[in-house]
Amino acid sequence: MSYLINKEPSIIVGGFVLGGAMIGAGMFSLPTIMSGAWFINSLLVLFIVCFIMFHSGMYILECTSKYGAGTNYFYISKELLPKWACYIANASLIFVLYILIYAYISAAGSVIYGASLLYGYNVDLKAIFIIFSVVLGATIWWGGTCASRLTSLFLFIKIVLFVLAFSGLFIQAKSSLLFNFSVEGSNQIALYPFVFIVIPYAITSFGYHGNVCSLYKIYNQNEKKVIKSCIIGCVLALIIYLLWMIGTMGNLPREQFITIINKGGNLDAFIDSLYTVLNSDYIETFLLWFSISAVFCSFLGVAIGLFDYILATLNFKDNSGGRLKSALICFTPPLLLCMFFPNGFLIAIAYAGMAACIWAIICPAVMVLKARKKFSESGFKVWGGKGLIYTVIGFGIFGIICQLLAQFNLLPIYR
């Protein structure tokens, strides 16, 4: 049966899977969220968050390597965390993965519906939700390699469309906008308070951790291949985000983002603002299909992680029946949520930030401290020692504080 993994994919495929999980429709929210802090400050946040998230993912890999292939996040957290912390970590993980799948089904519905209108069709939004979930869910049920290669295909298409859609924006980008240290009469220091609202969104934008255990299994417990795949994925995401910031913030004046924010900051409002700059039917089409491929990539990347988590945690057999049970549990709740709340994309992305701080940053660092005490013999170990581990933990706590302050409207927000 083809649901079995027959061939080990290359590290490029693995990197593309992680890149697909990170680079998605959520990137459309980044320039809007970053409009307060603007280009230089936001770019610095992206570099710091990428560094922290890469290493927290490596801590998951180090812990997984102590227990072997087939181990998942639930098992290593149960072994390496107190019982109460294990429940919190896994509840946060499940929440993030489910809420992101819901967000991407919601986003897919809106962009596919927009595409259908562009070509003269009026397709029912709920039907799009169902078809999208069933078709892509079936590829994950069929096998990890199948879904990984499909993710790589969509990521390749997305990069091509990204270049086609935004090459004009890169050419037109104005350095006076990107490096304006005196924005609307304010000096650069006055922009610093807006940095904190960027952090939770940036954390969500580098979330690949749910796929680390799956990659360790796919690469037959070869840590070096997993590390290289993670590096490729993180660097790819960082480059795409950088180009995205240049293409958008280099063309849209900072004050224009207020209009987008006042419209709710939704995907359609941001794209409409870009249309005024692009002024080309062909580029508008490329932008639309770029949005669709971005959503497909993110959905597959996140769903693979949740699917494998359910399969291992509930001890389902890795056959057609067991994988069907895992698929139903994985996709039914977010699909039903989309039926009742079809427009929750941005809200879902925002709520994922704080939960990601818990399970993807703090808990992996705490687990690796315990793992190094429990398994004192030589083996794979992430560099940096305790100093880096405590730095990662501290950043995770700081991210939670930023998210809590944002929830209570206590962070400066540009509007």
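The values are calculated or read from the model by the stated rules, or taken from the named source; none is laboratory data. These numbers come from a predicted model, not from an experiment. With ideal geometry, Cβ positions are generated from the backbone for all residues, glycine too; neighbour counts draw on all protein chains shown. Surface accessibility is based on the protein's heavy atoms, side chains included, excluding ligands, DNA and RNA. Shrake-Rupley method; radii C 1.70, N 1.55, O 1.52, S 1.80 Å.
Things to note:
- Relative contact order, percent, the chain [alpha-carbon distance under 8 Å, six or more residues apart]: 39 percent
- The stretch 286-393 - Rg (one decimal) and Dmax (whole number), Cα, Å: 18.6, 53
- Solvent-accessible ranking of ASP318, ASP124, largest area first, probe 1.4 Å: ASP124, ASP318
- Mean-square fluctuations from a GNM of the chain, with a 10 angstrom spring cutoff on Cα atoms, peak among ALA294, ALA89, ALA21 at ALA89.
- Shape category assigned to the stretch 45-166 from the gyration tensor of Cα positions, a/c cut at 1.5: prolate
- For the chain, the 222 nm mean residue ellipticity estimated from helices alone, with every DSSP H stretch of n ≥ 4 adding -39500 (n - 2.57) and the total spread over all residues, rounds to -24500 deg cm²/dmol.
- Distance from the Cα centroid of the stretch 211-259 to that of the stretch 304-368 is 20 Å (rounded to whole angstrom).
- Separation of the stretch 4-73 and the stretch 122-177, taken as the distance between their Cα centroids, equals 17 angstrom.
- Heavy-atom accessible area per residue - the chain, 1.4 Å, Å²: 41 Å²
- Calculated P(r) tail over 41 Å for the chain, as whole % of Cα pairs: 12 percent
- Largest mean-square fluctuation among GLY70, GLY305, GLY120, in a Gaussian network model of the chain whose springs join Cα atoms under 10 Å apart, belongs to GLY120.
- Expressed as a whole percent, the accessible surface of the chain that belongs to carbon and sulfur atoms is 68, based on a 1.4 Å probe.
- Cα centre as origin, Lys/Arg/Asp/Glu Cβ charges: the chain dipole, Debye: 1260 debye
- Gaussian network model of the chain, springs between alpha carbon atoms under 10 Å - residue of THR139, THR276, THR248 with greatest fluctuation: THR276
- Only lysine pairs 8 or more places apart, or on different chains, with alpha-carbon atoms under 17 angstrom apart are counted in the stretch 290-386, and they number 6.
- Among complete DSSP H helices in the chain, those whose alpha-carbon atoms stretch at least 18 Å along the helix's long axis and whose mean Kyte-Doolittle hydropathy reaches 1.0 are 38-65, 83-118, 125-142, 144-172, 223-249, 281-313, 320-340, 385-407.
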